[in-house]
Amino acid sequence: MADVFDTKKRSEVMSRIRGKGNKSTELALVAALKKAGIKGWRRHIVLKLELRPKRGAPADAKPPFLIAKPDFVFRTERVAVFVDGCFWHQCPLHSKVPANNRGFWEHKLARNVERDRAANKALKAKGWRVVRIWEHDAADADRLARCVSRLCRAYALGPSATTAFSASRNRTASSAARYGLSSVKVAVRLPCG
């Protein structure tokens with residue numbers, strides 16, 4: 001059946017549809033943070049980060065901005081936590097590009113990963129620490145509890161923050177390389193398994 005809208009109108013209609021995000025995984029993390037007694041976090045805070053002006057840009061031009069939307073923000077500790085969906089953010093364990101319209105999906109998913117890299121880099125430049133937790137880690141209660149425990153220790157959050165996080169415990173080097181991560185201070189995929 002042919003579409004009742006032309007391409008421009010269909011694009012406008014689709015742009016107004018807002019997803020519900022990864023609500024179940026975020027709510028699981030909320031419950032785990034509360035259970036661990038971790039306070040001081042806020043959800044869905046928009047961070048507007050000023051970037052360096054491009055070379056050759058006029059001196060009076062407004063500097064470019066990057067909008068980062070972490071799922072959880074600890075402002076005092078300057079920690080941004082993202083709960084990334086395995087499909088949308090190309091989990092090395094579970095991501096599979098759909099066979100239908102493969103070119104479109106490869107381009108779209110690569111842009112998502114590139115946007116994640118840019119957000120990590122911009123947040124680091126502004127003194128933030130970035131933590132990314134995979135959806136599959138948040139779906140399992142035991143793994144999520146380990147993630148939260150390591151998050152507490154790594155960034156001195158909550159009542160049980162005593163020891164430092166070891167960068168050598170990072171689960172996959174490919175995950176770090178994919179997001180342009182060089183050390184635990186830039187961003188880390190918490191090893192929850």
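The values are calculated or read from the model by the stated rules, or taken from the named source; none is laboratory data. Computed from a prediction, not measured in an experiment: that's the story for all the values here. As a convention, Cβ positions derive from the backbone with ideal geometry for all residues, glycine included, and neighbour counts pool all protein chains shown. When the accessible area is computed, the model is the full protein with side chains, heavy atoms only, and any ligands, DNA or RNA have been set aside. Shrake-Rupley method; radii C 1.70, N 1.55, O 1.52, S 1.80 Å.
Before moving on, here are some points about what is shown:
- Which numbered condition VAL46 misses (of (1) open to solvent by 70 Å² or more (accessible area, probe 1.4 Å); (2) closer than 29 Å to ASP142 by Cα; (3) modelled with pLDDT of 90 or more): (2)
- So LYS8, is it part of a helix (DSSP H, G or I) and farther than 19 Å from SER149 by Cβ: yes
- Residue under evaluation GLU114, criteria (1) touching a residue at least 12 places away in the same chain (Cβ under 8 Å); (2) open to solvent by 30 Å² or more (accessible area, probe 1.4 Å), criterion not met: (1)
- Filtering PHE104, PHE65 for residues that are at pLDDT 90 or above, open to solvent by 40 Å² or more (accessible area, probe 1.4 Å), out of contact with any Phe, Trp or Tyr (no Cβ under 8 Å at 6 or more places or on another chain) and not charged (D, E, K, R) leaves a single hit, PHE104.
- Matching option when the condition is free of Cβ contacts under 8 Å to residues at least 12 places away in the same chain, among the hydrophobic types (A, V, I, L, M, F, W, C) and either open to solvent by less than 40 Å² (accessible area, probe 1.4 Å) or at negative phi (or both), among ALA59, ALA28: ALA59
- When ALA154, ALA177 are checked against the criterion of being in a helix (DSSP H, G or I), at pLDDT below 85 and either among the basic types (Lys, Arg) or open to solvent by 50 Å² or more (accessible area, probe 1.4 Å) (or both), a single residue qualifies: ALA177.
- Every condition in (1) among the hydroxyl-bearing types (Ser, Thr, Tyr); (2) without any contact (Cβ under 8 Å) to a residue 12 or more places away in the chain; (3) open to solvent by 70 Å² or more (accessible area, probe 1.4 Å) is met by THR76 except one, and the failing one is (2).
- Failed item in (1) under 20 Å from TRP41 (Cβ atoms); (2) surrounded by 13 or more Cβ atoms within 10 Å (Cβ to Cβ); (3) at pLDDT 90 or above, with GLY127 passing the rest: (2)
- Any hit, the stretch 6-22, residues being open to solvent by less than 100 Å² (accessible area, probe 1.4 Å), within 23 Å of TRP128 (Cβ to Cβ), in contact with a Ser or Thr (Cβ under 7 Å, 6 or more places away or on another chain) and not basic (Lys, Arg): no
- Among the residues making up the stretch 122-151, those that are part of a helix (DSSP H, G or I) and of a type in the set (Gly, Ala, Ser) are ALA122, ALA125, ALA138, ALA139, ALA141, ALA145, SER149.
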